[in-house]
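S.K.: Sharing a structure with you now.
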Amino acid sequence: MQAINASIGFDAKMWRQDIRGSLAHAAMLAHVGIISADDEAAIRQGLAEIAAEIEAGKFEWSEALEDVHMNIEARLTERIGEAGKRLHTARSRNDQVATDFRLWTRDAMDGLAAQMLDLVRALVARAEEHAGTIMPGYTHLQPAQPTTFGHHMLAYAEMIWRDRGRMLDARARLNECPLGSAAMCGTGFPIDRHATAKALGFDGPTRNSLDAVGSRDFAMEFLAACAICATHLSRLAEEIVIWTNPSFGFVKLSDGLTTGSSIMPQKRNPDAAELVRGKTGRMTGNLVGLLTVVKGLALTYAKDLQEDKEGVFDSAENLTLCLAASAAMVRDMQPNIARMAAAAGDGFSTATDLADWLVRELKLPFRDAHHVTGKLVAKAESMGVDLSGLTIAEMREVEPRITDSVFGVLTPAASVASRRSYGGTAPDNVRAMVAEWQERLA
């Protein structure tokens, strides 16, 4: 029973939040006259000494005391006597753990949101540097249309910015204080929950004591935000894995972000990217795990909720690593500009530009232009050339009205420059968007 019941093996991580909550609770108890000023001063001093013990690694955690709350309270009573026993007046471990857990998660959210901002800055910096660097764009991982490396970086900036927004939105909903809800129905003591909430940096107290101790959707939302961000990082990591493959050769990572092989001396394995990609699975699993734990719980508190923390701790720790690794790779990778430019013309990537030219210049309906372009692609493919390698005479065998001006749209550079619609890949667009990002980030 002790082995299955104890949570101190993982919830000791919340000791700072537990002490912070206890300090606020003690101050409130003294303010409303439930405990004396002397007792509050002794509690404050005792908790400060316990914090120093924990920081120094001298605190002895006991599995027999089950959790972080009872370990700290028992040590406090040992140090200051009767005053320590009065600390738990008008609260329960149910509202105490709900408060500690919200405080811990809120701290994690703040740190992760700052890291996301750092990654966006890195992406925008690379976009500014490579606004005009042409590279192939893909759909289905097949050559589609030319784009620019800068535009590609800004696509990830948009994703991570939304991830940051999700994290901050979740933080806003989390920011209500359960302390004072007691076991489930509140307390008969004349406490001041608004004062406690304010002292702990919450917007206010929770409005329903049953919901306060029995709900963990703030943790679910945090895990969802982590899983979505991790998924975006995984997509970037996958592209880095592809781009660093010599068959693509689009970017190179330095030795500090790659590893060698135990038997193949030529290898430069993108292990940082692969680990970012791999850790996404555990973060998705943590979300599904908590959803599954909570889905069948009647109100209010049940011991099942002890299973709410390890996944949250794990996702926070691993997303921290993934964001740090991703920002490092974005800043480190060196694009092979010539290789990307050469690949940008593969697979008849300017075919859409040819179809658009037929619509603009010859007034063909788009579906007819699409059909003509398909025939020209087939012709070029059979001859072993790209579209710009066809002569005017060869093109006119398919559509007699084609003129020499068509060659102005058949290069990747011309294709990229033409995509000037808002949000498009034209270098001038990318530079303008970089300026918008820089203003936003400032």
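The values are calculated or read from the model by the stated rules, or taken from the named source; none is laboratory data. This one's a predicted model, so the numbers in the text were calculated from it and none came from an experiment. Every residue, glycine among them, receives a Cβ derived from its backbone with ideal geometry; neighbour counts consider all protein chains shown. Quick note on the areas: whole protein, heavy atoms, side chains included, nothing else; ligands and nucleic acids left out. Shrake-Rupley method; radii C 1.70, N 1.55, O 1.52, S 1.80 Å.
S.K.: Going by the conditions given, is I228 within 22 Å of A122 (Cβ to Cβ), in contact with a strand residue (DSSP E or B) (Cβ under 9 Å, 6 or more places away or on another chain), among the aliphatic types (A, V, I, L, M) and modelled with pLDDT of 95 or more?
M.R.: Taking the combined requirement at face value, the residue does not satisfy it.
S.K.: If we keep just the residues of region 381-415 that are in contact with a strand residue (DSSP E or B) (Cβ under 7 Å, 6 or more places away or on another chain) and of a type outside the set (S, T, N, Q), which is nearest to T350 (Cα to Cα)?
M.R.: P412
S.K.: Same structure, new question: Determine whether T231 is part of a loop (DSSP other than H, G, I, E, B) and open to solvent by 30 Å² or more (accessible area, probe 1.4 Å).
M.R.: Here the answer is no, as T231 does not meet what is asked.
S.K.: Scan region 398-407 and give yes if some residue there is in a helix (DSSP H, G or I), surrounded by fewer than 13 Cβ atoms within 10 Å (Cβ to Cβ) and at pLDDT below 95, otherwise no.
M.R.: Looking for residues that are in a helix (DSSP H, G or I), surrounded by fewer than 13 Cβ atoms within 10 Å (Cβ to Cβ) and at pLDDT below 95, one finds at least one in region 398-407, hence yes.
S.K.: Can you go through F218, F202, F222 and tell me which one is of a type in the set (F, W, Y), modelled with pLDDT of 95 or more and touching a Cys at 6+ places or on another chain (Cβ under 7 Å)?
M.R.: F202
S.K.: Further question: When residues of region 177-228 are filtered for being buried (at least 19 other Cβ atoms within 10 Å of the Cβ), charged (D, E, K, R) and not in a helix (DSSP H, G or I), how many remain?
M.R.: Count: 1.
S.K.: Tell me which residues, restricted to region 347-367, are open to solvent by less than 80 Å² (accessible area, probe 1.4 Å), over 43 Å from the mean Cα position of the chain (by Cα) and over 17 Å from L390 (Cβ atoms).
M.R.: L364, P365
S.K.: Pick out the one residue from I43, I19 that is in contact with a helix residue (DSSP H, G or I) (Cβ under 8 Å, 6 or more places away or on another chain), open to solvent by less than 30 Å² (accessible area, probe 1.4 Å), over 30 Å from S315 (Cβ atoms) and β-branched (V, I, T).
M.R.: I43
S.K.: For the list (1) over 28 Å from G204 (Cβ atoms); (2) buried (at least 22 other Cβ atoms within 10 Å of the Cβ), I need the number of the one condition that E78 fails.
M.R.: It fails just one condition, (2).
Residue-by-condition table, conditions (1) more than 30 Å from the chain's Cα centre (by Cα); (2) open to solvent by 20 Å² or more (accessible area, probe 1.4 Å); (3) of a type outside the set (A, V, I, L, M, F, W, C):
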| site | (1), (2), (3) |
| --- | --- |
| M70 | yes, yes, no |
| T89 | yes, yes, yes |
| R93 | yes, yes, yes |
| M116 | no, no, no |
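S.K.: Collect the residues in region 234-251 that are assigned to a loop (DSSP other than H, G, I, E, B) and surrounded by fewer than 17 Cβ atoms within 10 Å (Cβ to Cβ), keeping them in residue-number order.
M.R.: Hits for region 234-251 are N245, P246, S247, F248, G249.
S.K.: Scan region 256-277 and tell me whether some residue there is open to solvent by 50 Å² or more (accessible area, probe 1.4 Å), of a type in the set (A, V, I, L, M), part of a helix (DSSP H, G or I) and within 30 Å of M109 (Cα to Cα).
M.R.: The answer is yes, given that some residue of region 256-277 is open to solvent by 50 Å² or more (accessible area, probe 1.4 Å), of a type in the set (A, V, I, L, M), part of a helix (DSSP H, G or I) and within 30 Å of M109 (Cα to Cα).
S.K.: Let me ask another. Restricting attention to region 24-40, which residues are of a type in the set (A, V, I, L, M, F, W, C) and either open to solvent by 60 Å² or more (accessible area, probe 1.4 Å) or touching a residue at least 60 places away in the same chain (Cβ under 8 Å) (or both)?
M.R.: Within region 24-40, A24, A26, A27, M28, L29, V32, I34, A37 qualify.
S.K.: How many residues, within region 388-404, are touching a residue at least 24 places away in the same chain (Cβ under 8 Å) and more than 23 Å from A341 (Cβ to Cβ)?
M.R.: Of the residues in region 388-404, 5 are touching a residue at least 24 places away in the same chain (Cβ under 8 Å) and more than 23 Å from A341 (Cβ to Cβ).
S.K.: Does A155 qualify as being free of Cβ contacts under 8 Å to residues at least 40 places away in the same chain and either in contact with a Pro (Cβ under 7 Å, 6 or more places away or on another chain) or assigned to a helix (DSSP H, G or I) (or both)?
M.R.: Yes: the conditions hold for A155.
S.K.: Where residues in region 130-152 are in a loop (DSSP other than H, G, I, E, B) and among the hydrophobic types (A, V, I, L, M, F, W, C), which of them is least open to solvent (accessible area, probe 1.4 Å)?
M.R.: That would be A131.
S.K.: If I go through region 358-387 residue by residue, how many of them are touching a residue at least 40 places away in the same chain (Cβ under 8 Å) and in a helix (DSSP H, G or I)?
M.R.: Matching residues across region 358-387 total 3.
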